Amino acid sequence: MNAHSAKLSDRILDAYKSYGLKSTIQASLVAVLDYLFDFRYGTDTVSHVELKNLDINSENYSRGHRYASTPAIAFKKLLDAIEFPDDSVFVDIGCGKGKMLLLAPHFGFKRVVGVDFSEKLCECARKNISIYQQKTGRNAHIDVIHSDVVHYEIKDDENVFYLFNPFDEVILKKVLDNICSSVEKNPRPVYLIYYIPYYRKIIERHGSFIKLRRYFFSGCEFIIYGNKPADQFFHKR
Ligand SMILES: C[S@@+](CC[C@H](N)C(=O)[O-])C[C@H]1O[C@@H](n2cnc3c(N)ncnc32)[C@H](O)[C@@H]1O
């Protein structure tokens, strides 16, 4: 058994213990598809990484969550179901190895940005992008920024912020404040996509965002929030 299959079997066993048979079958299929993605493109996105094994030099290290990637099939179904305004810019807050940065350009974003506080993960994301672009012949505009998100300066055109439960409520609150300051300087509709929305109450209590929709795809829960008024968000199906 190689290292990949050992990790895959661990994931399946964990899912069975936590969620029972039906959800385990679904989670297993999703996991297999993610392994096949890396196999097909030669990328390295699927294996989890604990933050203690990384090179993180940030006061917010202990508030961050380990690297794991959003299941590609769920993310694609989500972005197939919704439509953001023209010229939207997608920002993955805590991009890790960059799987979402590979997928998001397929959905018409003008620019795609990933921010992560691990230089090693950023390097891995850049390598994945280069491998994926060579293999697919696609050449989207993707920036990977090595920074703690708290210190990341949000650009005037950035409007779709993706969060796969990257950190605790303290950092989430600071990120929401930063997004709101950016909107004050340059008013525009902005959206949050929150996968595994563990700290949803922080967003709901913040008062600057309204819940637009909740989705379940391939067993994955996503909530979309928008600032007020969120009049340019389209639900396609
Ligand atoms: C669960 S992973 C999500 C990876 C990716 N967004 C995805 O969906 O595939 C969370 C990531 O957030 C990063 N992270 C956690 N706290 C951070 C912070 N304060 N600033 C920047 N990145 C952070 C971690 O290094 C990790 O790569």
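If I filter region 130-147 down to residues being over 15 Å from the mean Cα position of the chain (by Cα) and within 12 Å of residue 95 (Cα to Cα), which single residue comes out as surrounded by the most Cβ atoms within 10 Å (Cβ to Cβ)?
This residue is 146.
Tally time: how many residues in region 43-71 are assigned to a loop (DSSP other than H, G, I, E, B) and hydroxyl-bearing (Ser, Thr, Tyr)?
6
Among the residues of region 217-227, write down those that are out of contact with any strand residue (DSSP E or B) (no Cβ under 8 Å at 6 or more places or on another chain) and either part of a strand (DSSP E or B) or closer than 16 Å to residue 163 by Cα (or both).
Answer for region 217-227, where residues must be out of contact with any strand residue (DSSP E or B) (no Cβ under 8 Å at 6 or more places or on another chain) and either part of a strand (DSSP E or B) or closer than 16 Å to residue 163 by Cα (or both): just 217.
What pairs can you find where one residue is in region 26-40 and part of a helix (DSSP H, G or I), the other is aromatic (Phe, Trp, Tyr), and their Cβ atoms are less than 9 Å apart, with a gap of 6+ or different chains?
Filtered contacts from region 26-40: 26/19; 27/16; 27/19; 28/16.
State the number of residues belonging to region 185-201 that are surrounded by fewer than 18 Cβ atoms within 10 Å (Cβ to Cβ) and within 20 Å of the chain's Cα centre (by Cα).
Summing the residues that are surrounded by fewer than 18 Cβ atoms within 10 Å (Cβ to Cβ) and within 20 Å of the chain's Cα centre (by Cα) in region 185-201 gives 4.
With the requirement that a residue be under 30 Å from residue 126 (Cβ atoms) and of a type in the set (A, V, I, L, M), what does region 18-44 give you?
Listed by number, the residues that qualify are 27, 29, 30, 31, 32, 33, 36.
Please tell me if residue 75 is within 14 Å of the ligand (Cβ to nearest atom), in contact with a helix residue (DSSP H, G or I) (Cβ under 8 Å, 6 or more places away or on another chain), outside the structural domain of residue 169 (by TED's automatic domain parsing) and at pLDDT 95 or above.
No: the conditions fail for residue 75.
Filter region 98-118 down to the residues that are of a type in the set (A, V, I, L, M, F, W, C), under 19 Å from residue 72 (Cβ atoms) and either near the ligand (Cβ under 8 Å from one of its atoms) or at pLDDT below 95 (or both) and list them by number.
Scanning region 98-118 gives a single hit, 100.
The values are calculated or read from the model by the stated rules, or taken from the named source; none is laboratory data. Keep in mind that this is a model prediction, so the values were computed, not measured. Counting neighbours? That spans all protein chains shown, and the Cβs are built from the backbone with ideal geometry, glycine included.
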